[in-house]
Amino acid sequence: MTLPLYGFELIGDGTGLLVALGLGFGFGWFLERAGFGSGCRLCGQFYLYDMTVLKVMFTAIVTAAVGLWLFSTVGLLDLEYVYMTPTSLTAQLVGGLLLGAGFIIGGYCPGTSVVAGATGAKDGFVFVGGFAFGVFVYALFPGVENWVNANSIGAVTLPQVFGISYGLLVAILVVAALAAFAGAEWSERKFAHLRPK
Amino acid sequence: MSVVASMPPAATAPRATSALTGRFMNPYLAGFGLGLVLLAAFLIMGRGLGATAASASVVAWLTGLVAPEWTASNPALKNYAAEPPWINWTFYLVVAAFVGAWVSAKLAGRIRWRVEGGPHATIQMRYALAFAGGAIAAFGARLAKGCTSGQALTGGAQLNLGSWVFMLAVFAGAYALALLVRREWR
């Protein structure tokens with residue numbers, strides 16, 4: 001077991017920052033290639049005629065999930081050294097609703113607003129500014145952050161919740177993704193008339 | 001018909017445009033590529049992708065210049081104050097994502113100064129709503145300890161319970177408001 005390299009101290013902080021530059025380039029590249037520099041294309045997801053967001057996100061999740069399972073199962077990756085955010089159910093439910101609301105109102109999510117700005121979308125830069133403002137406003141209510149942390153139940157995974165094996169849950173995820181892709185293709189045909197002219 | 005939908009847009013107001021031109025990569029192929037980048041982050045760094053922490057790092061640095069003691073004791077900022085942008089991992093990631101997106105768009109001939117919006121949206125409306133939406137999204141991302149990247153993508157692949165709750169809530173929140181703001185996009 002030698003992965004993750006950073007966890008086993010095979011690379012240090014400085015190299016880690018260089019790795020971030022490489023990974024970030026790929027991150028921005030694929031988001032832009034998918035068309036996520038366009039708020040119109042992103043928001044088409046919520047009018048059902050353009051399901052690109054679902055297709056890209058679910059494919060990426062399944063790819064990385066299968067990879068994580070594979071590398072850890074064959075013993076190359078120690079998941080103990082892969083950081084997982086603790087679950088705080090109510091905070092994450094409300095946080096998700098707010099992020100979804102901000103997404104459809106503003107046109108972007110935090111990462112895609114940066115990508116949009118890079119392609120020349122001025123509203124992308126405005127979203128980035130609004131986001132920084134929101135981060136500042138959040139800090140003005142320290143009780144909220146304390147409440148989130150106080151209600152944390154630690155890192156919990158779906159296999160633990162459902163009491164099934166890691167491999168079985170990954171298999172279910174793959175099947176669910178294929179079903180979602182079929183639904184997405186159907187939705188794009190069914191609601192094609194909603195696309196703005 | 002909602003009130004918003006029945007209001008005709010002012011004919012003279014400058015209009016937003018869409019950049020929906022040109023050919024994009026097959027979404028499944030783009031998703032596969034994105035998934036490989038995410039997997040590489042796990043295998044090399046033991047962490048996933050993210051964007052929120054970059055913004056928090058910059059904000060904590062700025063408030064630290066003005067009010068160092070308040071920042072250092074603020075529960076929402078103190079961890080970021082200890083990691084200013086020039087040593088914050090996610091800040092490097094996001095700056096490089098900007099560059100990667102720019103190179104991709106440049107090679108595809110897609111860079112254009114514009115304001116995104118549907119055929120009925122004005123530029124003024126889009127600026128106001130982009131700022132408001134960004135602020136609302138930030139509050140949500142801080143509550144959930146991550147955004148679409150740090151929670152939905154990263155935690156989604158880790159089968160993290162809270163991340164899946166978050167992801168489903170993101171879609172629910174956006175679909176719930178989609179009709180209300182449809183003049184912005186359609």
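The values are calculated or read from the model by the stated rules, or taken from the named source; none is laboratory data. The structure displayed is predicted, hence computed values, not measured ones. Because the Cβ atoms are built from the backbone with ideal geometry, glycine has one as well, and the counts that use them run over all protein chains shown.
Give me the residue from region B:149-181 that is in contact (Cβ under 8 Å) with a residue 40 or more places away in the chain and at the interface with chain A (Cβ under 7 Å from one of its Cβ atoms) and, out of that set, farthest from B:PHE32 (Cα to Cα).
Let us first name the residues in region B:149-181 that are in contact (Cβ under 8 Å) with a residue 40 or more places away in the chain, namely B:149-150, B:153-155, B:157-158, B:179-181.
From what is left, the residues that are at the interface with chain A (Cβ under 7 Å from one of its Cβ atoms) are B:149, B:153, B:155, B:157-158, B:181.
Working: B:SER149: 15, B:LEU153: 12, B:GLY155: 17, B:ALA157: 13, B:GLN158: 16, B:VAL181: 32 Å.
So, considering only residues that are in contact (Cβ under 8 Å) with a residue 40 or more places away in the chain and at the interface with chain A (Cβ under 7 Å from one of its Cβ atoms), the one farthest from B:PHE32 (Cα to Cα) is B:VAL181.
For (1) surrounded by fewer than 21 Cβ atoms within 10 Å (Cβ to Cβ); (2) in a helix (DSSP H, G or I), each residue gets a yes or a no:
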| residue | (1), (2) |
| --- | --- |
| B:ALA76 | no, no |
| B:TYR80 | no, yes |
| B:VAL95 | yes, yes |
| B:VAL99 | yes, yes |
| B:LYS106 | yes, yes |
| B:ILE111 | yes, no |
| B:GLY118 | no, no |
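Name the residues in region A:31-57 that are closer than 19 Å to B:ALA172 by Cα and within 7 Å of another protein chain (Cβ to nearest Cβ), would you?
A:GLY39, A:CYS40, A:ARG41, A:CYS43, A:PHE46, A:TYR47, A:THR52, A:LYS55, A:VAL56, A:MET57 - these are the residues of region A:31-57 that are closer than 19 Å to B:ALA172 by Cα and within 7 Å of another protein chain (Cβ to nearest Cβ).
Mind listing whichever residues of region B:120-145 are free of Cβ contacts under 8 Å to residues at least 60 places away in the same chain and either among the small types (Gly, Ala, Ser) or in a strand (DSSP E or B) (or both)?
Result: B:ALA128, B:ALA130, B:ALA132, B:GLY133, B:GLY134, B:ALA135, B:ALA137, B:GLY140, B:ALA144.
Among the residues of region A:114-156, what is the count of those that are β-branched (Val, Ile, Thr), touching a residue at least 12 places away in the same chain (Cβ under 8 Å) and either outside any helix (DSSP H, G or I) or farther than 17 Å from B:ALA76 by Cα (or both)?
6
Collect the residues in region A:84-112 that are more than 7 Å from chain B (Cβ to nearest Cβ) and either within 29 Å of B:ARG110 (Cα to Cα) or modelled with pLDDT under 95 (or both), keeping them in residue-number order.
Answer for region A:84-112, where residues must be more than 7 Å from chain B (Cβ to nearest Cβ) and either within 29 Å of B:ARG110 (Cα to Cα) or modelled with pLDDT under 95 (or both): A:TYR108, A:THR112.
Return the residues of region B:46-77 that are out of contact with any Gly (no Cβ under 6 Å at 6 or more places or on another chain), within 7 Å of another protein chain (Cβ to nearest Cβ) and not polar (S, T, N, Q); say none if nothing qualifies.
Matches in region B:46-77: B:ARG47, B:LEU49, B:ALA56, B:VAL58, B:VAL59, B:PRO75, B:ALA76, B:LEU77.
Can you tell me which of A:GLY75, A:GLY100 is surrounded by fewer than 19 Cβ atoms within 10 Å (Cβ to Cβ) and out of contact with any Phe, Trp or Tyr (no Cβ under 6 Å at 6 or more places or on another chain)?
A:GLY75
Which of the residues that make up region A:20-52 are aliphatic (A, V, I, L, M), surrounded by fewer than 21 Cβ atoms within 10 Å (Cβ to Cβ) and without any contact (Cβ under 8 Å) to a residue 40 or more places away in the chain?
Answer for region A:20-52, where residues must be aliphatic (A, V, I, L, M), surrounded by fewer than 21 Cβ atoms within 10 Å (Cβ to Cβ) and without any contact (Cβ under 8 Å) to a residue 40 or more places away in the chain: just A:LEU21.
Which members of region A:131-167 meet the condition of being over 19 Å from B:GLY162 (Cβ atoms) and within 21 Å of the chain's Cα centre (by Cα)?
Residues satisfying the conditions are A:PHE131, A:ALA132, A:GLY134, A:VAL135.
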